[in-house]
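The values are calculated or read from the model by the stated rules, or taken from the named source; none is laboratory data. Given the structure is predicted, the values throughout are model-derived calculations rather than measurements. Every residue, glycine as well, gets a Cβ built from its backbone with ideal geometry; the counts of neighbours run over all protein chains shown.
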Amino acid sequence: MTRSYRIAPSILSANFARLGDEVTAVVAAGADMIHFDVMDNHYVPNLTIGPMVCEAIRPLTEAAIDVHLMVEPVDRIVPDFAKAGANIISFHPEASAHVDRTIGLIHDSGCKAGLVFNPATPLSWLDHVLDKLDLVLIMSVNPGFGGQSFIPGALLKLAEVRRRIDALRLQTGRDILLQVDGGVKTGNIAEIARAGADTFVAGSAIFGSKDYAGTIGAMRAALKSVD
Ligand code: DX5
Ligand code: ZN
């Protein structure tokens, strides 16, 4: 099957002093969505941006804002991000006392819901909720920082989730995005796509490059070799 691929630059690696311009530039360079990393210095050892920043960048683009919550607890902040214009809200199951309820809360707030798997988090969290999700995110680094190296074990995990998503699509016609986050570069994106990912978060690879369009273009060229 020919798959369509999405590139989601993570603004964690953008220049925060010029964040609005960075968002505009990366969308003009061909980004499909903006990956928005939210860290709380509690669930992960770093502190980043919240709903006010989401609200500030919302008018700058029609691209989806893909909020990756690395916060605990999850539920209190979900409606704030929905009001701030988020399109997708993803969370880590370990950070929510009631995973199914949080998925429902995200949907009731008008957003798509994603579940995120750290390198050591088992996929059994998907057993009873996959059919309610819009996105599964496999972390290929431990969350908290940009610029880390891709953990190869993520490839096997992606392949297993791809099997589950494809089986569900055959049964129900429902499709779910399979996103990967951490250490994605032009040099490994094709291999990661072959394992089953269709949505690629890339922070340092894009914002650390001089030519955003050139880097996103190189990623798309590498993805062309996959099907
Ligand atoms: C890590 C974040 C990632 C990060 C990826 O906790 O979730 O989105 O920005 O950065 P790179 O692409 O540099 O690994
Ligand atoms: Zn992320």
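Exactly one of (1) more than 20 Å from VAL201 (Cα to Cα); (2) touching a Gly at 6+ places or on another chain (Cβ under 6 Å); (3) of a type outside the set (Phe, Trp, Tyr) is unmet by ALA17. Its number?
Here ALA17 meets the rest and fails (2).
Which residue, of VAL44, VAL23, is surrounded by 20 or more Cβ atoms within 10 Å (Cβ to Cβ) and out of contact with any helix residue (DSSP H, G or I) (no Cβ under 9 Å at 6 or more places or on another chain)?
VAL44
If I filter region 5-20 down to residues being within 18 Å of the chain's Cα centre (by Cα) and not aliphatic (A, V, I, L, M), which single residue comes out as surrounded by the fewest Cβ atoms within 10 Å (Cβ to Cβ)?
Within region 5-20, the match that is surrounded by the fewest Cβ atoms within 10 Å (Cβ to Cβ) is ARG6.
Out of region 196-224, which residues are among the acidic types (Asp, Glu) and more than 16 Å from the chain's Cα centre (by Cα)?
Selection gives ASP211 alone.
Which numbered condition in (1) part of a loop (DSSP other than H, G, I, E, B); (2) more than 16 Å from ligand 2 (Cβ to nearest atom) is the only one that MET52 fails?
Against the list (1) part of a loop (DSSP other than H, G, I, E, B); (2) more than 16 Å from ligand 2 (Cβ to nearest atom), MET52 comes up short only on (1).
Looking at ASP181, ASP175, ASP166, which one is at pLDDT 95 or above, of a type in the set (Asp, Glu) and more than 14 Å from ligand 2 (Cβ to nearest atom)?
ASP166
Looking for something surrounded by 19 or more Cβ atoms within 10 Å (Cβ to Cβ), in contact (Cβ under 8 Å) with a residue 12 or more places away in the chain, in a loop (DSSP other than H, G, I, E, B) and not β-branched (Val, Ile, Thr) - is there at least one such residue anywhere in region 67-83?
Among the residues of region 67-83, not one is surrounded by 19 or more Cβ atoms within 10 Å (Cβ to Cβ), in contact (Cβ under 8 Å) with a residue 12 or more places away in the chain, in a loop (DSSP other than H, G, I, E, B) and not β-branched (Val, Ile, Thr), which makes the answer no.
Would you be able to say whether some residue in region 7-16 is free of Cβ contacts under 8 Å to residues at least 60 places away in the same chain, under 21 Å from VAL141 (Cβ atoms) and not in a loop (DSSP other than H, G, I, E, B)?
Yes, region 7-16 has at least one match.
Restricted to region 26-41, and to residues that are within 18 Å of GLY144 (Cα to Cα) and more than 12 Å from ligand 2 (Cβ to nearest atom), which residue is surrounded by the most Cβ atoms within 10 Å (Cβ to Cβ)?
The qualifying residue surrounded by the most Cβ atoms within 10 Å (Cβ to Cβ) is ASP40.
Within the set of pairs 6 or more residues apart or between chains, which connect a residue that is farther than 25 Å from LEU130 by Cβ and basic (Lys, Arg) inside region 177-188 to a residue that is within 10 Å of ligand 1 (Cβ to nearest atom) and not in a strand (DSSP E or B) with Cβ atoms less than 6 Å apart?
What qualifies is LYS185/ALA205.
One line per residue, one yes/no per condition, for (1) in contact with a Leu (Cβ under 7 Å, 6 or more places away or on another chain); (2) not charged (D, E, K, R):
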residue	(1), (2)
PRO51	no, yes
PRO59	no, yes
GLU62	no, no
VAL71	no, yes
VAL74	no, yes
PHE81	no, yes
ILE89	yes, yes
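Would it be correct to say that ASP108 is in contact with a helix residue (DSSP H, G or I) (Cβ under 7 Å, 6 or more places away or on another chain) and without any contact (Cβ under 8 Å) to a residue 12 or more places away in the chain?
no
What number of residues within region 130-158 are over 24 Å from ALA14 (Cβ atoms) and loosely packed, with under 14 Cβ neighbours inside 10 Å?
Here the count works out to 4.
Out of all the residues in region 136-147, is one or more of a type outside the set (S, T, N, Q), more than 14 Å from ligand 2 (Cβ to nearest atom) and either more than 19 Å from ILE206 (Cβ to Cβ) or at pLDDT below 95 (or both)?
no
Yes or no: region 163-173 includes at least one residue that is without any contact (Cβ under 8 Å) to a residue 60 or more places away in the chain and in contact with a Gly (Cβ under 7 Å, 6 or more places away or on another chain).
Looking through region 163-173, none of the residues is without any contact (Cβ under 8 Å) to a residue 60 or more places away in the chain and in contact with a Gly (Cβ under 7 Å, 6 or more places away or on another chain).
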